[in-house]
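The values are calculated or read from the model by the stated rules, or taken from the named source; none is laboratory data. Predicted, not measured: the structure shown is a model, and the values here were computed from it. We place every Cβ from the backbone using ideal geometry, glycine too, and count neighbours over all the protein chains shown. Ligands, DNA and RNA are excluded from the accessible area calculation, which covers all protein heavy atoms including side chains. Shrake-Rupley method; radii C 1.70, N 1.55, O 1.52, S 1.80 Å.
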Amino acid sequence: MHNLKDGDLIGIISPSAPISAFCPRRLDRGIKYLEKLGFRVLLGKHVSAVNRFTAGTPQERADDINFMFNNSDAKAIIVTIGGYNANDVLDLIDYELIKKNNNKLLIGYSDASLLLHALYKKSGVRGIMGPMILPQFAEYPEMQKFSLNSFFEVVKNLGKNKVYELPKAEEYTEEMLLWDQEDIKSREMKKNSGWEIIFSGKASGRLVPTNLNTLCKLIGTPYMPDLEGAILFLEDDGDESAATIQRMLQHLKQAGQLDWIKGIVFGRFQEKSEITNDDIKFLLGNVFNEVSFPVISNVDFGHTDPMITLPIGNSVSISTQLSQIKITL
């Protein structure tokens with residue numbers, strides 16, 4: 001397993017939406033910031049391609065993934081942004097090739113969750129739910145310190161058995177600025193109300209962080225992660241509602257995927273979703289009848305800034321009494 005060091009080469013890919021093509025200034029700022037941090041950067045050939053609603057054809061996007069993993073110098077691969085249709089590439093990836101070159105980190109969230117789980121399961125790649133180029137590394141005037149500190153804490157300490165207690169951000173923002181038009185000011189921050197305990201308890205298990213919507217797209221495929229003994233860290237964007245969250249969890253439950261989980265941690269839901277803690281308690285009651293594991297909400301990961309970085313498959317423990325979540329890196 002490779003931990004990132006100064007001077008390492010980071011590859012950049014666009015497996016989903018073609019936003020990089022429409023925001024070249026934002027992409028350039030993200031590249032320059034990575035270089036400022038001491039990394040070298042290599043762009044995928046199709047990182048700014050446009051094929052209607054995706055960044056290139058399925059084969060072009062898969063080619064960039066295969067190329068980056070076959071590049072012995074690349075130590076990490078970071079996704080530009082999420083969106084839709086990363087599942088186009090799943091049957092086109094050379095998993096055997098990647099299995100021979102799997103000592104790289106693959107970093108992203110949202111739609112990139114599909115890639116994180118597929119490559120972790122099929123090739124043993126260490127998937128990291130963490131910051132992406134356009135939304136985080138290219139933040140104006142620079143990446144938020146909370147996000148950067150969490151990123152470095154994880155990517156520099158994997159495999160060292162260091163215990164990482166997840167921090168709580170004092171502020172957050174979900175202000176949206178039009179990239180390459182008006183993102184020339186810092187976004188307005190709001191006071192963070194902190195984590196919310198939905199159901200109390202203690203639990204230990206395997207860390208499985210994911211976008212809920214994309215996780216459901218993997219049901220019935222060979223890329224579906226093993227959720228037995230998992231503590232699910234679930235996030236989604238403001239287009240979802242309490243009704244759709246319940247529908248997706250019910251889908252997972254009916255598919256037999258939630259029978260042996262040990263706990264759930266929800267990332268902060270955006271205000272647009274109008275999802276409250278009462279909604280979460282209500283919908284979980286509908287899905288599980290009786291919830292017998294700890295559940296925490298409003299944690300700083302997923303579609304929120306600043307954000308915590310989360311490695312797939314590591315050991316994690318929860319104590320609601322102590323309001324603690326600890327990951328063994």
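Worth a mention:
- Checklist (1) of a type in the set (Lys, Arg); (2) part of a strand (DSSP E or B); (3) open to solvent by less than 40 Å² (accessible area, probe 1.4 Å) applied to LYS75, failing item: (3)
- Residue match in segment 276-284 (condition: modelled with pLDDT under 95 and touching a strand residue (DSSP E or B) at 6+ places or on another chain (Cβ under 7 Å)): yes
- Among (1) of a type in the set (S, T, N, Q); (2) under 19 Å from LEU27 (Cα atoms); (3) open to solvent by less than 40 Å² (accessible area, probe 1.4 Å), the one test that THR214 misses: (2)
- Among the strands (runs of 3 or more DSSP E) confined to segment 179-247, the ones with at least 2 residues that are of a type in the set (Ser, Thr, Tyr) are located at 202-211.
- Between ASP180, ASP111, ASP94, the distinction of being closer than 20 Å to ILE12 by Cα and either hydrophobic (A, V, I, L, M, F, W, C) or buried (at least 20 other Cβ atoms within 10 Å of the Cβ) (or both) belongs to ASP111 only.
- Here segment 288-328 is the region considered, the condition is being open to solvent by less than 10 Å² (accessible area, probe 1.4 Å), in a loop (DSSP other than H, G, I, E, B) and touching a Gly at 6+ places or on another chain (Cβ under 7 Å), and the residue that is farthest from GLU274 (Cα to Cα) is ILE312.
- Checked against (1) within 18 Å of the chain's Cα centre (by Cα); (2) surrounded by fewer than 19 Cβ atoms within 10 Å (Cβ to Cβ); (3) in a loop (DSSP other than H, G, I, E, B); (4) not small (Gly, Ala, Ser), ASN149 meets all criteria but (3).
- Restricting segment 37-61 to residues that are among the aliphatic types (A, V, I, L, M) and under 21 Å from GLY130 (Cα atoms) leaves a set whose member that is surrounded by the most Cβ atoms within 10 Å (Cβ to Cβ) is ALA55.
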